[in-house]
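The values are calculated or read from the model by the stated rules, or taken from the named source; none is laboratory data. Computed from a predicted structure; not experimentally measured. Here the Cβ positions follow ideal geometry from the backbone for every residue, glycine too, while neighbour counts run over all protein chains shown.
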Amino acid sequence: MAKPTLSVVVPVYNEEEVINESYRRLTEVLEQTGETYELIFVNDGSRDKTLPLALEICEKDKRVKVIDFARNFGHQLAITAGMDASSGKAVVVIDADLQDPPEVIPEMVEKWREGYEIVYGKRIKREGETAFKKFTAKVFYRFLDRMTDVDIPVDTGDFRLIDRKVCEALKLVPEHNRYVRGIVSWLGYKSCPVEFERKKRFAGTTKYPLKKMIRFASDAIMSFSYKPLKLATLLGCGVSLLSLILLIFYAAFGQLNPVTSLIILGIFIAGLLFLCLGIVGEYIARMCDEVRNRPLYLIRKMHNFDKEED
């Protein structure tokens with residue numbers, strides 16, 4: 001079977017309310033491109049009717065393929081699995097919730113035809129999100145830009161098109177705590193943005209609550225920067241210097257109460273030490289994940305691929 005021009009990877013987790021509309025919008029747009037394509041849904045351990053609905057679509061349309069994970073492995077690994085299984089000359093990653101509009105894909109394809117190997121969607125407006133979500137997202141992207149040593153475009157998500165050579169290069173980076181958009185930027189291929197307005201979810205609720213966002217942010221920062229470790233060292237030096245200055249100050253003005261001063265300084269220094277140990281611990285935990293060398297993900301079954309696997 002001839003390989004398609006486009007592979008569209010759609011990670012899904014509890015998206016029963018939107019998966020049919022997502023399929024409809026995507027196929028409508030992809031048909032308009034005039035390119036051959038495959039649509040890969042990656043079921044990331046959904047607990048609702050997402051998988052049966054995806055399989056119904058799969059039965060009706062042989063261009064639609066389904067990867068069913070053995071359990072929930074997370075959004076970034078679902079993206080990775082879809083890319084690994086794709087066969088197109090270019091791969092598009094898009095979420096099922098339709099916040100990133102499929103109608104932007106033809107513009108991405110056009111940029112790819114011009115010679116760009118990575119075409120990423122850049123959000124110029126975010127609809128249907130709380131002020132808190134917009135503020136934290138803005139702070140996160142700019143903080144990440146300052147903290148990392150890799151030029152990761154701000155206000156961008158995983159919605160992007162990558163060339164086959166980029167997809168193959170990604171397979172050479174088998175990190176477990178993955179920040180895919182950061183890895184893609186680290187690869188360094190020729191890239192450009194396509195601007196769009198992010199819409200509110202078609203249905204359902206966000207799959208990135210605050211707890212997951214914090215985890216996601218820590219993976220992003222610690223995967224591409226050692227600055228937190230350097231910051232911990234600077235904090236240690238700063239506190240030591242501050243403690244010395246305070247002791248000299250109180251001694252000079254005759255207001256030094258040994259017991260009180262030692263208690264306050266002891267609590268402050270202990271808190272700082274725990275902070276520094278926590279930062280070091282996060283890096284060590286990630287090192288342990290890599291040393292264990294477990295598979296990134298496990299697949300229960302693949303549907304509509306040339307060779308189906310159980």
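Only one of the numbered conditions (1) under 16 Å from the mean Cα position of the chain (by Cα); (2) buried (at least 17 other Cβ atoms within 10 Å of the Cβ); (3) modelled with pLDDT of 80 or more is violated by Ala169, and that is (1). Only residues that are at pLDDT 95 or above, of a type outside the set (Lys, Arg) and closer than 26 Å to Leu296 by Cα were counted in region 53-69, giving 8. Of all residues in region 39-72, exactly one satisfies the criterion of being crowded, with 23+ Cβ neighbours inside 10 Å and of a type in the set (Asp, Glu), namely Asp44.
Please enumerate the residues belonging to region 6-21 that are more than 20 Å from the chain's Cα centre (by Cα) and either buried (at least 22 other Cβ atoms within 10 Å of the Cβ) or outside the structural domain of Glu110 (by TED's automatic domain parsing) (or both). Correct list: Leu6, Ile19.
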